[in-house]
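Data block below; observations after.
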Amino acid sequence: MLLHLYAVRHGQTYFNRYNRLQGWSNSPLTSSGLEDADRAGQRLSKVSFAAAYCSDTTRAQETVRRILDQNQSENKPEPVSDSHFREQFYGYFEGQDMALAWWAAGAPHGAGTYQQIVDQFGLAATRDFLKEADPFGDAESDSEYWTRIAGGFALIAADPHLKDGDRVLLISHGNTLLSLVNRFGGGRYDTSCRPSNGSVTVFDFDTEAPFERALQVQSFNR
């Protein structure tokens, strides 16, 4: 079964505005964030969705609600919130200034910024280095992160109401979208910075393929 996933980054939050790491933490949408969600809703207003999924964070739940409120389809899906769709967990560094957190993660390896870590060691190292720097060891490693994310896609694939060719709305997060495009984009897209709040990235999802081959990026909108 091939599904078309419309993955929207949630609207801007106060932590986004203050440039703080925001994984499993909840931070309300700003007024700009509400506008982000509404713009995405307008853009997708004529797309008929067979299902809608989001993480169980308030920013994702508010975004999906505002998008579906504007949808013109006769039958709108009831969104499913699930922890598998959460952003990367930053553990001890949740809510910390991004620059300080990535310095703590990368400096012991000679890379003082997020981009320097990516350039020198790859995207997976940003997770592993942060877990290494976490004094409690709570931050997700790269393998822990992908195991959880794969569980979210398994949840969509198991939806008995979906059929081949259906369109599915997925409210996602900046680093998760970046990671998915980096992994499944075949090197065709610039992943040097996160997609903007309210942006829409489209994937084709082969529900019968192993996760490492299940997604194909159709468009990545920054």
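The values are calculated or read from the model by the stated rules, or taken from the named source; none is laboratory data. None of the values given here were measured: they were computed from a predicted structure. All Cβ positions, even for glycine, are placed from backbone atoms using ideal geometry, and neighbour counts span all protein chains on display. Accessible surface areas use protein heavy atoms only, side chains included; no ligands, DNA or RNA. Shrake-Rupley method; radii C 1.70, N 1.55, O 1.52, S 1.80 Å.
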*Between beta-carbons, use under 10 Å as the cut-off and find the net charge around GLY41, counting Lys and Arg +1, Asp and Glu -1.*
+1
*Order the following by accessible area, largest value first: TRP24, TRP103. Probe radius 1.4 Å; ligands, DNA and RNA are ignored.*
TRP103, TRP24
*Of (1) 62, 50, 37; (2) 52, 34, 29; (3) 54, 40, 30, which one was derived for Cα extents along the principal axes in Å from the structure shown?*
(3)
*Add -39500 (n - 2.57) for each DSSP H run of 4 or more in the chain, then divide by its residues: what number comes out at 222 nm, to the nearest 500 deg cm²/dmol?*
-11500 deg cm²/dmol
*Between helix 31-43 and the chain: long-axis angle, C-alpha atoms, 0 to 90°, nearest 10*: 40 degrees
_Share of carbon and sulfur in the accessible heavy-atom surface of region 101-163 [1.4 Å probe, %]_ = 59 percent
_region 82-181: trypsin sites (Lys or Arg not before Pro) in DSSP coil with no more than 13 other Cβ atoms inside 10 Å_ = LYS163
_Local electrostatic count, GLY91, Cβ distance below 9 Å [Lys/Arg +1, Asp/Glu -1]_ = -3
*If you take the beta carbon distance between ARG148 and ARG17 as r and set R0 to 25 Å, what does 1/(1 + (r/R0)^6) give as a FRET efficiency, to the nearest 0.05?*
0.40
*Return the sequence-ordered ³J(HN,Hα) values of region 87-95 in whole Hz as given by the Karplus equation 6.51 cos²θ - 1.76 cosθ + 1.60 applied to θ = phi - 60°, using x for Gly and Pro.*
5, 3, 8, 9, x, 4, 8, 4, x
*Over the chain, give the accessible area per residue in Å² for a 1.4 Å probe, as an integer.*
44 Å²
*Of ARG183, ARG66, ARG188, which has the most accessible area with a 1.4 Å probe, and how do the rest follow in descending order?*
ARG188, ARG183, ARG66
*How big is the charge dipole of the chain about its Cα centre, in debye rounded to the nearest 20, if each Lys and Arg gets +1 on its Cβ and each Asp and Glu gets -1 on its Cβ?*
620 debye
*For the chain: relative contact order, % (alpha-carbon pairs under 8 angstrom, 6 or more apart)*: 31 percent
*Taking only Cα atoms, what is the 0 to 90° angle, nearest 10, from helix 58-69's long axis to the longest principal axis of the chain?*
20 degrees
*Stretch gain in nm, segment GLU208-GLU74, where the contour uses 0.36 nm per residue and the Cα spacing is subtracted*: 45.3 nm
_How much of the DSSP bridge set in the chain is antiparallel, in percent, rounded to the nearest 5?_
55 percent
